[in-house]
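**Q** Please see the structure below; I have some questions.
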Amino acid sequence: MVIKVFLASSSGSTAIKKKQQDVLGFLEALKVEYAPLDIACNVDNRTWMRENVPVEKKPTNGIPLPPQIFNEESYCGDYETFFDAKEDNSVYAFLGLPPPPGSKKATAEEVAQEEDEEAKEEEELRQLEDEEEEVAEVGESEEEEDE
């Protein structure tokens, strides 16, 4: 899976440039593989981005501004939703990626999975013990009948 980040290389807006740099810098820091796609020089990129941003996420003028972030064909969000995910420490979920091994979220998931497995094993042991008790009771009752 490649994260697509739609950017404007020749934007006159310093705010847009800062937002783009923030997104790219953070993805690089996390070592997330991404593809920067320029909408200023490539009409196909611009058209694709505009067509694939969901209607409810488009601004009132109808033209979404960069940066816009996608996981392959799936829309992740714009800078504001990226920033919110960054603040909540949920960037991997925002991007639709699994957390890296050893991260707090991954560790919590691993612990939960181990607990589930332990609970299943305990249940299986209880069932075996119950079956053994039933067999032992049947054996005892047969011995009593023989006497």
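A short reminder: the numbers here are calculations on the coordinates, not readings from a lab. What you see is a predicted model, and the numbers here were worked out from it, not measured in a lab. All Cβ positions, glycine included, derive from the backbone under ideal geometry; neighbour counts span all protein chains shown.
**Q** Are there any trypsin sites (Lys or Arg not before Pro) in the range 1-80 that are in a DSSP loop and have at most 12 other Cβ atoms within 10 Å? List them by number.
**A** Lys31
**Q** Which residue, Asp78, Asp130, Asp88, tops the fluctuation ranking in a GNM of the chain built on C-alpha contacts under 10 Å?
**A** Asp130
**Q** Next question, about the same structure. Would you mind giving the average projected area, over all directions, of the Cα convex hull of the range 1-82 in nm² with one decimal?
**A** 5.2
**Q** I need the P(r) histogram for the range 16-61: all alpha carbon pairs, bin width 5 Å from 0 out to the longest distance, whole percents.
**A** Values per bin, smallest distances first: 5, 17, 18, 23, 26, 10, 2.
**Q** Mind telling me which of Glu117, Glu72, Glu80 comes out most flexible in a GNM of the chain, alpha-carbon contacts under 10 Å?
**A** Of the options given, Glu117 has the highest mean-square fluctuation.
**Q** First select every other residue whose beta carbon is under 13 angstrom from the beta carbon of Lys57; then total the charges, Lys and Arg +1, Asp and Glu -1.
**A** Computed value for this residue: -2.
**Q** Right, next: Measure up Lys18/Lys57; Lys31/Lys57; Lys86/Lys120 against 30 Å on the Cα-Cα distance and list the ones that go over.
**A** Lys86/Lys120
**Q** Another one. Starting from 0.36 nm per residue, how many nanometres of slack lie between Glu118 and Ser9 once their C-alpha separation is accounted for?
**A** 33.9 nm
**Q** With the calculation restricted to Cα positions, what are the radius of gyration and Dmax of the chain in angstrom?
**A** 27.6, 101
**Q** Where is the GNM fluctuation largest for the chain (alpha-carbon springs, 10 angstrom cutoff): Gln20, Gln127, Gln68?
**A** Highest fluctuation of the listed residues: Gln127.
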